[in-house]
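Here the structure is laid out as structure tokens; the discussion comes afterwards.
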Amino acid sequence: MLDIENQLTLDERSSVDFVLALRKRWSDTVYPALSEEYLATGPVADDVDGAVERLQRLSLYPWYSHLERVQQKMLWKTVGAAVVGRAGTLREQLDDLPGRPEGELRLSPDTELPDWYTDYDIHVQPGSFYSDDLSAYVYELGARIVMLRDNDGYKFHRLFTETALPDVPEASRVVDIGCGFGKSTRPLAARYPTAEIIGIDLAAPGLRLAHAEAEDAGAAISFRQGDGRDTGLEDGSCDVVTGTMVLHEMPAEAVRETVVEAARLLKPGGTMVFLEFHPTGDTFRDATIFEHAERNNEPFFRDLFGADLLKVCAEAGLTGAGWTPFDERREGMRPEGWGDRREWHFPWAVLTATKPQN
Ligand SMILES: C[S@@+](CC[C@H](N)C(=O)[O-])C[C@H]1O[C@@H](n2cnc3c(N)ncnc32)[C@H](O)[C@@H]1O
């Protein structure tokens, strides 16, 4: 399949590299400078709201926040232009599938997209990622830059799959909720070779790209359009229900419904594992995450950070629920904590819970 990155013109390449370099400098130079100014100008705030208030009074803050928002908008503009310039070829390859596919694509155009999903352009991506087939390509290329190239070759998602998901030698079914364009789903096929792998997402464009790329890679995956809160799959049919970077995109009630659905789907002894964000307890850092979410059109971060998901799991009948910090630049799961990193980065954490044996 055509990977646009391999065909960028010199001008396009330099624009992509510029946005990437800007993002890196913002993360590894501007953020630490902001942090130093914060520590040098007063006591550490006791809570996140206090930290937000202090943060907004720092002299570097207007520059820091402006750069954060502007580089995100530049990213979509740059990536969007590269994708739209190749629209014909990119659309065609979504239909150019093998006669005897390994996996399948089940689109359900009647799937209702909730208001909380369509009311705003998430990540500031114009049109979000459900509006047009090209939006999946835009998201795919944009995500490489957002992750500062740390996820090239699905590195991050493979690390998650290898270090956070349980060994289930004879697994028969594994489900990925909010699979997007399949970045989280593809590594599951290698991790659970005996299992039927199902990726579910609300957005048809991502699923079409996921299916085309999985077929190109010879991976047998079933991609289905649907809502993670009501998958239509049978009770007790899954060994593992997982999802990456999806819960923070939903309001609290939808997160609860998703956990209840995961519990319903699991076999006795099965495991639910979600990669998400979690408050670090460092009020400055958590304040910058809240601010990031607001600037990035991710309005439900506060819901996620305020929710007691361990209680939600218990109420859904799951046991042993817990959060484990996760570091994509180190060994993945870090029960000992995130550890020090100077640069701005996401506070990834893994929520795990188990369905009790009967
Ligand atoms: C940030 S993307 C993550 C995609 C993928 N898991 C990854 O790690 O690259 C979040 C995805 O969740 C999907 N999503 C959000 N709410 C959903 C829901 N209730 N049911 C199914 N998919 C959902 C979105 O359409 C989007 O593709």
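Coordinate-derived values only; no laboratory data. Just so you know, these numbers come straight off a predicted model, no measurement behind them. A quick note on method: Cβ atoms are made from the backbone with ideal geometry, for glycine too, and the neighbour counts reach across all protein chains shown.
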Mind listing the phi-derived Karplus ³J(HN,Hα) values for the range 144-149, rounded to whole Hz, using 6.51, -1.76 and 1.60 with θ = phi - 60°, and x for any glycine or proline? 5, 6, 4, 7, 6, 6
In the chain, lysine pairs 8 or more places apart or on different chains with C-alpha atoms under 23 Å apart total 10
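Sort E234, E298 by Cβ crowding within 10 Å, fewest neighbours at the top. Intermediate values should be presented prior to the final figure.
Details: E234 10, E298 20.
Taking fewest neighbouring Cβ atoms as first place, the list is E234, E298.
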Share, in percent, of DSSP beta bridges within the range 150-354 that are antiparallel, nearest 5: 45
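Classify the range 234-276: rounded, prolate or oblate, from the alpha-carbon gyration tensor (a ≥ b ≥ c, eigenvalue square roots; a/c under 1.5 rounded; otherwise prolate if a/b is larger than b/c)?
On the way: a/c = 3.09, a/b = 1.68, b/c = 1.84.
It comes out oblate by the Cα gyration axes.
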Which whole-Hz ³J(HN,Hα) couplings does the range 328-335 yield from phi under the Karplus relation 6.51 cos²θ - 1.76 cosθ + 1.60, θ = phi - 60°, glycine and proline marked x? 6, 8, 10, 8, x, 4, 9, x
Listed by chain and number, the residues whose amide H is under 5 Å from that of R173, excluding neighbours fewer than 5 places away on the same chain and using placed H, are E196, D239, V240
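Among L10, L266, L20, which comes first, then next, by fewest other beta-carbon atoms within 10 Å?
Values: L10 7, L266 26, L20 18.
Ranking L10, L266, L20 by Cβ neighbours within 10 Å, fewest first, gives L10, L20, L266.
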Using 0.36 nm per residue, how much length does the chain from L2 to L60 gain when fully extended, once their Cα-Cα distance is taken away? 16.7 nm
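Based on DSSP H runs of at least 4 residues, each adding -39500 (n - 2.57), what is the mean residue ellipticity at 222 nm of the chain after dividing by all its residues, to the nearest 500 deg cm²/dmol?
Helix contribution divided over all residues of the chain: -13000 deg cm²/dmol.
Viscosity 1.002 mPa s, temperature 20 °C: give me the Stokes-Einstein translational D for the range 287-350 in µm²/s, with Rh taken as the Kirkwood radius over C-alpha pairs.
In µm²/s, the coefficient is 158.
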Using Cβ counts within 10 Å as a stand-in for footprinting exposure, how do S172, S237 rank, fewest first? S172, S237
Scalar couplings 3J(HN,Hα) for the range 52-63 by Karplus 6.51 cos²θ - 1.76 cosθ + 1.60 (θ = phi - 60°), nearest whole Hz, x for Gly and Pro, are 4, 4, 5, 3, 6, 9, 6, 5, 7, 4, x, 5
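From Cα pairs below 8 angstrom and at least 6 apart in sequence, can you work out the relative contact order of the chain, rounded to a whole percent? It would help to have the intermediate numbers written out before the result.
Values: 611 pairs, mean separation 66.3, N = 358.
Over the chain, the number comes to 19 percent.
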Choose one of L159, V260, L202: the residue whose Cα lies farthest towards the positive end of the charge dipole of the range 150-354 (beta-carbon charges +1 Lys, Arg; -1 Asp, Glu; about the Cα centre). L159
Shape call for the range 1-155 from the C-alpha gyration tensor, a ≥ b ≥ c root eigenvalues: rounded (a/c under 1.5), prolate (a/b greater than b/c) or oblate? prolate
Whole-number D in µm² s⁻¹ for the range 150-354, Kirkwood Cα-pair radius fed into Stokes-Einstein, 4 °C, 1.567 mPa s: 75
Take the Cα atoms of the range 252-358, find their three principal axes, and give me the spread along each one in whole Å, biggest first. 46, 30, 18
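To check you understand DSSP bridge types, tell me what percent of the beta bridges within the chain (both residues inside) are antiparallel, rounded to 5. The partial results should precede the final answer.
Numbers: 15 of 37 bridges.
Expressed as a percentage, antiparallel bridges in the chain total about 40.
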Highest-first arrangement of 205-215, 341-351, 32-42, where packing means the average Cβ count within 10 Å: 205-215, 341-351, 32-42
Once the Cα gyration tensor of the chain is diagonalised, semi-axes √(5λ) in Å: 32, 27, 17
Length-normalised contact order of the range 278-358 in % [C-alpha pairs under 8 Å, at least 6 apart]: 30
Calculate the dipole size of the range 212-358 relative to its Cα centre from +1 charges on Lys and Arg beta carbons and -1 charges on Asp and Glu beta carbons; express the result in debye to the nearest 20. 380
